[in-house]
Each structure stands twice: as structure tokens, then as C-alpha cells.
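Where a number appears in this text, it was derived from the coordinates with a stated rule and is not lab data. Everything quoted here is computed from the prediction, not taken from an experiment. Here Cβ is always computed from backbone atoms with ideal geometry, including for glycine, and neighbour counts include all displayed protein chains.
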Amino acid sequence: MAVDALSEVLRTVRLTGAAYFNAAASAPWVAEPPTCERMLASILPGARHLISYHVVAEGRCFASLIDAEPLLVEAGEVIVFIKGDPHVLSSSPGMRADPVAPDIFAAAVGGPLPFSLRYGGDGPTSARLICGFLACDAHPFSPLLDMLPAVIKAGAPYGDESNWLDPFVRVAIDESTSRRAGGESVLAKLSELMLIEVVRRHLETLPPAQAGWLAGLRDPFVGKALALMHGDPARNWTIEELAREVGLSRSVLAERFAGLVGLPPMQYLAKWRMQIASGLLSGGGANMATVAAEIGYGSEAAFSRAFKKMLGIPPSAWRRRPGLEPRH
């Protein structure tokens with residue numbers, strides 16, 4: 001049941017655009033992508049969140065947040081910057097460069113993707129990377145993205161039998177180099193699958209004492225409560241009913257839920273309902289009465305009041321926001 005809750009949250013992290021780059025580098029080399037704000041403004045206007053990832057297809061590199069300890073990333077591994085923070089990639093640790101001009105990325109997105117980049121000198125290629133920049137509209141409530149660490153390294157070096165990332169890497173390399181029809185769409189779906197698997201693997205490695213939404217998902221009682229609310233968000237849940245369903249007392253569930261997730265159950269449900277509503281409104285196809293009923297409100301007026309109280313603007317204004325049409 002907990003996996004269903006994870007699937008529901010992942011479903012609302014809607015990718016609203018993406019850019020893909022096939023990068024070759026010759027040592028010594030260093031690259032810094034533009035900041036999240038400049039990247040989104042240049043190539044994915046209207047999106048609210050950026051996830052960056054870099055798959056090392058050949059060779060190795062060092063990657064880190066700016067001024068943080070660099071991580072060695074070898075062929076067969078991926079490093080994901082969940083929150084779009086400024087970061088650097090290089091052939092040796094400690095190197096810095098001026099951020100890549102965002103107009104280079106904007107020009108790339110204007111043509112067929114993936115776009116090829118070259119770093120370093122004219123010597124032999126020492127590393128090949130597949131770099132993806134995924135924009136998503138996770139506002140107003142994203143328990144998953146908010147709780148994930150800023151950087152996740154996943155996969156295993158080639159030759160390691162535990163390297164689950166290998167099939168992803170091989171398909172990504174093929175689609176990045178062959179430029180076959182539909183390749184951009186394949187890379188988009190591949191990126192989604194890879195992100196999901198990275199999150200699942202991260203969930204499995206959390207220490208027992210870890211707090212946060214993912215830890216709550218793994219807890220047998222809190223995870224069941226999350227699954228129940230995500231499975232039927234329109235239901236008129238009460239803390240008493242949830243406690244009865246999961247097999248705990250009301251007070252114990254409330255304390256356990258808030259201790260792990262960071263919110264009381266009913267407050268979490270209210271936020272999750274508005275996340276669903278914001279997605280339905282952004283889609284443009286559902287009328288207000290349908291959206292209200294979908295998340296358990298008996299009238300449009302009650303839904304509109306609750307929406308404005310939580311998000312600061314009425315549903316009609318949210319629907320008129322400038323947005324980005326999906327590229328895939």
C-alpha cells in the first residue's frame with residue numbers, strides 16, 4: 001500500500017519540459033550549468049522546479065554542489081541534483097568555471113534534442129555524459145521533493161552485478177547518439193523511470209531512525225495511513241477512522257504521523273487535496289465543480305475558500321497562471 005502512495009505523489013510531480021545534452025569532455029575540463037532560475041527562464045519558462053541529472057556513460061568525473069565535497073561518479077553511475085541547486089562537474093576535484101551561458105541551452109532546445117556539447121581541449125575524450133534538466137510543476141505541496149536530499153548518487157560502476165542503472169544508461173546512450181525519430185520522447189520517459197528508481201533505491205537505504213515523508217512511507221502504520229488518504233482523498237477521513245484502519249489509537253497515530261511526516265494527518269490531507277486540485281486546474285479540462293468533488297468538497301464555494309486560504313489566490317486565478325506546455 002505504501003508503494004501506491006509513492007506512485008500517487010510521483011504522479012503529481014508532473015514533468016512540464018525537459019532538455020537533454022550529450023556531452024563529451026577531454027581532461028582537464030570543468031562545467032557549471034546555469035542557475036536554476038536562469039535555466040528555467042531561458043528554456044523552460046513557467047516551470048517551478050528543476051531536477052538535474054548527469055549519467056556518466058564513459059570515464060569518470062567529479063560532481064558536487066558549489067563549495068561542497070566532490071563525489072566521484074564513474075561510468076554506470078548517475079548523480080541527481082533534486083532541487084536544481086548550482087553545481088559543478090569536472091575532471092578533477094576542486095575545479096571551478098564560469099557558469100555556461102543559458103543562451104547556449106536555449107539555442108539547443110530550439111533544435112532537435114539531445115544537443116551535443118564539448119568540454120575541455122582537443123585531446124582524447126576522457127568522459128562522456130548524458131545530462132538531463134527536467135522541469136516540473138510540483139507546487140503547492142510536494143512532500144517527496146521537499147524531503148529528498150539535495151544530491152543523490154546512484155547506480156554502480158560497470159562490471160558490478162548490482163548495477164541496476166545499466167539498462168537505462170545503454171538506452172540513453174543509444175537514443176542520445178542515434179537521433180532516431182521519437183528519441184526525445186523516449187529520453188523523457190526514460191528520465192522519469194530513472195528518477196522513480198533512484199527514489200525507490202534511496203528509500204531502501206534510509207536508516208531506521210530517519211524522519212521525513214519517505215520514512216513515514218516506510219513505517220507500517222504511518223505508511224498505511226498515507227496509502228489510505230492517497231487512495232481515496234475525497235473521503236471524509238477523520239483521525240479516529242484512520243487510527244482504526246491502521247490499528248493504532250488516535251493519539252498514538254497522531255503523534256507517530258506528525259513525528260515522521262512533520263504534519264498532523266488532517267493537515268497533510270488538506271495540503272494533498274490542494275496539490276491534486278492544482279494539477280487538475282493546470283490541466284484546464286475539469287470545471288470547478290468537478291475539481292471540488294474530486295477532492296471531497298461539497299460545493300464550489302467551500303473549495304474556492306479553502307484553495308485561496310492555502311495558496312493565496314482563488315482557483316480561477318491559479319488556472320490562468322502562465323504555464324509551460326509539455327514537450328513530451
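Suppose each label sits 7 Å from its Cα in the direction of the beta carbon; what would the ASP232-ALA211 distance come out to in nanometres?
3.1
At 37 °C and 0.692 mPa s, grab the translational diffusion coefficient of the stretch 169-328 from Stokes-Einstein with a Kirkwood Rh over Cα pairs, rounded to a whole number in µm² per second.
178
Which loop-located trypsin sites (Lys or Arg not before Pro) does the stretch 122-195 contain, where loop means any DSSP state but H, G, I, E or B and the Cβ has at most 13 other Cβ atoms within 10 Å?
Of the trypsin sites (Lys or Arg not before Pro), the ones in loops of the stretch 122-195 whose Cβ has at most 13 other Cβ atoms within 10 Å are ARG179, ARG180.
Classify the stretch 141-207 as rounded, prolate or oblate from the Cα gyration tensor: take a ≥ b ≥ c as the square roots of its eigenvalues, call it rounded if a/c is under 1.5, otherwise prolate when a/b beats b/c and oblate if not.
oblate
Would you mind checking the tilt of helix 265-283 against the longest principal axis of the Cα atoms of the chain, expressed as 0 to 90 degrees and rounded to 10?
60
Can you spot the aspartates and glutamates whose alpha carbon is less than 16 Å from LYS308's alpha carbon? Ignore those fewer than 8 places along the same chain.
List returned: GLU300.
Would you list MET39, MET95 from fewest to most Cβ contacts within 10 Å? Walk me through the numbers on the way to the answer.
Details: MET39 23, MET95 16.
Least to most surrounded, the residues fall as MET95, MET39.
Using alpha-carbon pairs under 8 Å, 6+ residues apart, how would you state the relative contact order of the chain in percent?
About 23 percent, as a whole number.
Nearest 500 deg cm²/dmol is fine: what mean residue ellipticity at 222 nm does the chain get from its DSSP H runs of n ≥ 4 alone, each adding -39,500 (n - 2.57), divided by its residue count? Walk me through the intermediate numbers first.
Details: 14 runs with 149 residues, N = 328.
Theoretical 222 nm ellipticity from helices: -13500 deg cm²/dmol.
From the phi of every residue in the stretch 176-187, what ³J(HN,Hα) in whole Hz does the Karplus formula 6.51 cos²θ - 1.76 cosθ + 1.60 yield, where θ is phi - 60° and glycine or proline is x?
6, 9, 8, 6, 6, 4, x, x, 5, 5, 4, 5
Return the aspartates and glutamates within reach of LYS83: Cα separation strictly under 15 angstrom, same-chain partners fewer than 8 residues apart disregarded; answer none if there are no such residues.
Within reach: GLU37, ASP137, ASP146.
Using +1 at the C-beta of Lys and Arg and -1 at the C-beta of Asp and Glu, which of ASN163, SER176, MET194 has the Cα lying farthest in the positive direction of the dipole of the stretch 153-243?
It is SER176.
What are the ³J(HN,Hα) couplings of the stretch 227-244, residue after residue, when phi is run through the Karplus curve with 6.51, -1.76, 1.60 and θ = phi - 60°? Round to Hz, x for glycine and proline.
4, 4, 5, 6, x, 8, x, 7, 5, 7, 5, 10, 5, 5, 5, 4, 4, 5
In sequence order, what are the phi-derived ³J(HN,Hα) couplings for the stretch 59-74 according to the Karplus relation 6.51 cos²θ - 1.76 cosθ + 1.60 with θ = phi - 60°, rounded to whole Hz, with x for glycine and proline?
x, 7, 7, 10, 9, 6, 5, 4, 6, 9, 5, x, 10, 7, 10, 9
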